[in-house]
1. Rank by packing, highest mean first: peptides 53-61, 38-46, with packing defined as the count of other Cβ atoms within 10 Å averaged across residues.
2. At 7 Å along Cα-to-Cβ for each site, give me the label-to-label distance between Ala27 and Arg65 in nm.
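What follows draws every value from the coordinates through simple rules; no lab data is involved. On a predicted model such as this, the values are computed, not experimentally measured, just so you know. Cβ: placed from backbone, ideal geometry, glycine included. Neighbour counts: every protein chain shown.
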Amino acid sequence: MSNEEEGPNTVGSQVRGFPARNPHASARPEIAGATSIGGSGVGAERGVSAETAPRLFEIESERRRFAFEGAAPGEMIMAGG
């Protein structure tokens, strides 16, 4: 993966150039972003909801909604939409 590509490791505040003044405050949005990007990858890999959902249900319940939000665009890309 090149530096220009998006991925779960590129959502960090420090990676994006923002100082980490309060690590606890920045951790939550970073986790949400990384989980959404990961869900997008699962959606693109699986391609259809019936195959994507079981994999996403393995994710911790507090983060799961972000994974599902990311999976939908991943599935659309693979469907050509």
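1. My ranking of the peptides, most packed first, is 38-46, 53-61.
2. Going by the 7 Å Cα→Cβ label model, 2.0 nm.
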